[in-house]
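These notes are about the structure you will find just below.
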Amino acid sequence: MTIDQINFENKRALIRVDFNVPLDENYKVTDATRIEAAKDTIIHVLEHGGSVILMSHLGRPKNKEEEFSLSHVIAKASDILGVQVQFVEDCKGELAEKAANDLEPGEVLLLENLRYYSEETAGDTSFAKALSQLGDVYINDAFGTAHRAHASTAVIAQFFEEKCFGLLMNREMVSLDKVLKTPERPLVAILGGAKVSSKITVIENILTKVDDLIIAGGMAYTFIKAQGGKIGDSLVENDKQELALEILAKAKQTNTNIHLPVDVIIANSFSEMATIDKAAIGEIPDGWMGLDIGEKSSQNFHNVLQGAKTILWNGPAGVFEMEPFANGTISLGKSVSEATKNGAFSLVGGGDSVSAVKQFGFADQVSYVSTGGGAMLEMLEGKILPGIAAIKE
Ligand code: AMP
């Protein structure tokens, strides 16, 4: 069932959203991206004659601490939705049920933090059932927590006949399908970030699907060392060298082109104040570490990306948080943006790449930026997320 197939007239839609937004010391929302991302679904229900009950978690409360109250989000959410959001100080029970029952079509009610109850993350069935009393239709639009089998994201779905994905969840799934299921070719993936070990399942899942795989960031050094290169004091996972060689061998068999950096920016310490130099990739002296890709690598990667029709980008090319080592990631951002302008479909997602893309201003120049770091990473690993499975079943 899709959201378009459901009649919301005089119905209460219980929507699991991801309003886990950052707050400053005065409890003001500092980044409302997640609230904005849920807007389309909420407005859809309101415009189709329904009312909306929003449930979410905020932070990791242990003892119903005030700092994690979703009441801090009311003003921002009202602003974004253009509707005064009502609030109830519980997410289940009498108080919540009364507030939900009193809702008129066109109205929006926000429930208190689901994680004030440990039953939420435990995936408790009675808790899920108590939540389900609040609505007639269940919508899951919380992509950021779709990889968790929590009460409100997965367990609850069994108590509804009418249930569907929200528009954000849909956008995330459609975007990933465009990359991994029905890509226009060539399909080029860029994998960066720190560790091979945290991305190995992603590599295994996409290796046979992509035409070209660019390996950048800290994980490249394990591949370089495994092939006999000198990497100095660069980040390496020695126990993953054999695996790196296996990946390279498998890529040869499947005609997947793997592109590794050929030059690097090196530093004599992991610091912005370090002395900085350049080196060829397999010739990094002892006492030095590679913290970003060099210009030739950027140019090589640019050439590969300009031929792409579909691009997947996960993970930065260097330690982009420090200015001297951000150029490789910025240059990748420019190359992906240019390819997108020339007609490629580009998806950025999973982990840190999203913050890099936002920080350097490329978010509007790529086709889609995923809103869920961990959830997107698990989808790239080929896993079926509990929040998705629960709706489909
Ligand atoms: P991930 O969460 O796996 O995408 O990793 C992102 C992190 O990798 C960022 O915080 C980067 O600073 C870090 N990173 C990227 N390249 C390197 C490198 N050459 N050495 C150490 N850390 C790196």
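The values are calculated or read from the model by the stated rules, or taken from the named source; none is laboratory data. If you're wondering where the values come from, they're calculated on a predicted model, not measured in any experiment. FYI the Cβ positions are ideal-geometry reconstructions off the backbone, even for glycines, and counts take in every protein chain you see. Surface areas here come from the heavy atoms of the whole protein model, side chains and all, with no ligands, DNA or RNA. Shrake-Rupley method; radii C 1.70, N 1.55, O 1.52, S 1.80 Å.
Only beta bridges with both residues in the chain are counted; by DSSP, about 20 percent of them are antiparallel. Relative to one another, the C-alpha centroids of the stretch 349-387 and the stretch 176-233 are positioned 15 Å apart.
Modelled label positions at Lys62 and Asp40, each set 7 Å beyond Cα in the direction of Cβ, lie 4.0 nm from each other.
Normalised by 2.2 N^0.38 Å, where N is the number of residues, the alpha-carbon radius of gyration of the chain equals 1.08.
So if I take the centroid of the Cα atoms in the stretch 108-153 and the same for the stretch 285-320, what is the distance between those two points in Å? Rounded to whole Å, the Cα centres lie 40 Å apart.
When only alpha carbons of the stretch 329-393 are considered, Rg and Dmax amount to 13.6, 43 Å.
Per residue, the Cα convex hull of the stretch 244-368 amounts to 112 Å³. Inter-label distance, Ile384 to Ser126: 3.0 nm, where each label sits 7 Å from its Cα along the C-beta direction. The label-point distance for Gln253 and Val174, in a model that sets each label 7 Å from Cα toward Cβ, rounds to 3.8 nm.
Subtracting the Cα-Cα distance of Glu246 and Thr182 from their residue separation scaled by 0.36 nm leaves 20.3 nm. Within the accessible surface of the stretch 173-380, defined with a 1.4 Å probe on protein heavy atoms only, the carbon and sulfur portion equals 49 percent. Taking 0.36 nm per residue of separation and subtracting the current Cα-Cα distance, fully stretching the chain between Glu338 and Ile74 would add 91.1 nm. If the chain linking Glu97 and Val83 were pulled fully straight, counting 0.36 nm for each residue of separation and taking away their Cα-Cα distance, it would gain 3.0 nm.
Can you work out the PRE-style zone for Ala280? Point 7 Å along Cα to Cβ, and I want the residues of the stretch 203-227 with backbone N under 16 Å. Answer for this model: 224-225, 227. With a 1.4 Å probe and all protein chains left in place, how much accessible area per residue does the stretch 3-165 have, in Å²? Counting only protein heavy atoms, the per-residue value for the stretch 3-165 is 43 Å². Rounded to the nearest 0.05, what FRET efficiency do Glu204 and Met1 have when you use their Cβ-Cβ distance and R0 = 30 Å? FRET efficiency, Glu204 to Met1: 0.35.
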